[in-house]
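Only one structure is covered here, and it is reproduced in the block below.
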Amino acid sequence: MKALRFYAPEDVRLEDVPEPECGPDEVKLRVRNCSTCGTDVKIFYNGHQNLTPPRTIGHEIAGEVVEVGADVNATYGSDWKVGDRAQVIAAVPCGECYECTKGWMAVCQNQTSVGYQYDGGFAEYMIVPKQVLKVDGLNRIPDNVGYDEASAAEPFACAINAQELLGIEAGDTVVVFGAGPIGCMHIRIARGVHQAGPVYLVDVNAERLKMSADAVQPEETINAAEVDVVERVMELTGGRGADVIITATAANITQEQAIAMAARNGRISFFGGLPKTNPTITCDSNVVHYRQLHIHGANGSAPEHNKRALEYISTGQVPVKDLITEHVPLERVLDAFQIVKNGEAIKVTVEP
Ligand SMILES: [Zn+2]
Ligand SMILES: [Zn+2]
């Protein structure tokens, strides 16, 4: 079968590999959709410390069950059978450490990841490892949800995890930095799940801002390359500032701007990580102190968030279909990475 294998930074090959065999405690999938994100582009250029090459990459996965290991259902209390439609978690918690037993699986200290320690979804077939099955990380796709939509449940789950910490209340003003797919999902969740009030979308790329705004219709878009974004948010909120700010970008300045534009009792999610070589910001601690700000981190998602994402897609509370703007075959997977890198589509999905 064909699979996209990472050997070293910028040495990523679409090659013929033997079809994987399903062990007694594993499930084998025919991958139908594996979506792409900025992480794939990062891996392509930089690799990752947890990624052991050669490795089939791809972590936003949905497929059809083609084989169920003999011990799977008895061991994990499941009833998987051939023909079932399933979505796979990407971040795999151990289920046993202090954090996992506290229910904080997104910050498991022994976390492994599909596409890093286990072969991922840019392939015709893949094995769902026992570590995923053990934490109930293989999820049934509701009948009215397509494989392409289900493959977007993983990034969507990361956004759900972040918003869970923000306590968004009905009518809250929300600012989202970053007009990528995850920024769009944040807007949809803030409105569809938390009944947010006015939402403002910020980016420095005018084309991407327009493309995403056409889909998710924020009350206003702000091009931070052209206007002072803090000043504009202050104007839009009558000088009060934004109740909730989410930085879905890797730009340090957006975290500083988020603090500067926060309302009293404002809540901030540092959703996007910063470059490893430049991970610090300047924070006026007195602004945090006197305005009683709440600053949250966000690290991936827990299996539970993936299940909730599939449910929100199924009920229509948070649609994702229209955010998937490109479908490409596995042969063009490297083109898909370029499309993501250039911000030319909202979400690109690969169909092996
Ligand atoms: Zn991703
Ligand atoms: Zn753990």
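Here is how the numbers come out for the structure above:
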{"read-out": "Backbone HN-Hα couplings from phi across the stretch 326-342 [Karplus 6.51/-1.76/1.60, Hz, Gly and Pro as x]", "value": "9, 10, 10, x, 4, 4, 9, 4, 6, 5, 4, 4, 5, 4, 5, 4, 7"}
{"read-out": "Nearest 10 degrees, 0 to 90: helix 303-315 Cα axis against the chain principal axis", "value": "80 degrees"}
{"read-out": "At R0 = 51 Å, FRET efficiency that the Cβ-Cβ distance of N278 and R30 yields, to 0.05", "value": "0.75"}
{"read-out": "Cross-link partners of K42 among aspartates and glutamates (Cα-Cα below 16 Å; sequence separation of 8 or more within a chain)", "value": "E10, D11, E60, D335"}
{"read-out": "Hull-based mean projected area of the stretch 169-216, where the convex hull spans the alpha carbons, in square nanometres", "value": "2.8 nm²"}
{"read-out": "P(r) tail fraction, the stretch 205-343 - alpha-carbon pairs more than 21 Å apart, %", "value": "58 percent"}
{"read-out": "Semi-axis lengths (Å, descending) of the ellipsoid that matches the C-alpha gyration tensor of the chain", "value": "35, 21, 19"}
{"read-out": "HN-Hα J in Hz across the stretch 260-277 - Karplus 6.51, -1.76, 1.60, θ = phi - 60°, x for Gly and Pro", "value": "5, 9, 6, 6, 4, 6, x, 10, 10, 10, 7, 6, x, x, 9, x, 4, 7"}
{"read-out": "Three principal axis lengths of the stretch 284-334 [C-alpha, angstrom, descending]", "value": "53, 32, 22"}
{"read-out": "Taking the C-alpha atoms of the stretch 60-150, convex hull volume expressed per residue in Å³", "value": "107 Å³"}
{"read-out": "Amide H contacts of A90 (H built 1.01 Å from N, under 5 Å, at least 5 apart or other chain)", "value": "none"}
{"read-out": "The stretch 180-262 - Rg (one decimal) and Dmax (whole number), Cα, Å", "value": "11.9, 32"}
{"read-out": "Centre separation in Å (Cα based) which lies between the stretch 152-182 and the stretch 76-136", "value": "23 Å"}
{"read-out": "Amide N of the stretch 137-179 lying under 20 Å from the label point, which is placed 7 angstrom from the Cα of Q217 along Cα→Cβ", "value": "170-176, 179"}
{"read-out": "Rg over Rh, two decimals, the stretch 262-348 (C-alpha only, Kirkwood Rh)", "value": "1.09"}
{"read-out": "Ranked packing of 117-129, 12-24, most packed first, by mean Cβ within 10 Å", "value": "117-129, 12-24"}
{"read-out": "Over the stretch 65-221: Kirkwood hydrodynamic radius from C-alpha pairwise inverse distances, Å", "value": "17.8 Å"}
{"read-out": "Per-residue ³J(HN,Hα) for the stretch 124-134, Karplus 6.51 cos²θ - 1.76 cosθ + 1.60, θ = phi - 60°, Hz, x for Gly and Pro", "value": "5, 10, 8, 9, 7, x, 4, 4, 6, 5, 4"}
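Every number in this text was worked out from the coordinates using simple rules, so none of it is lab data. These numbers were taken from a predicted model, which means no experiment stands behind them. Counting neighbours? That spans all protein chains shown, and the Cβs are built from the backbone with ideal geometry, glycine included.
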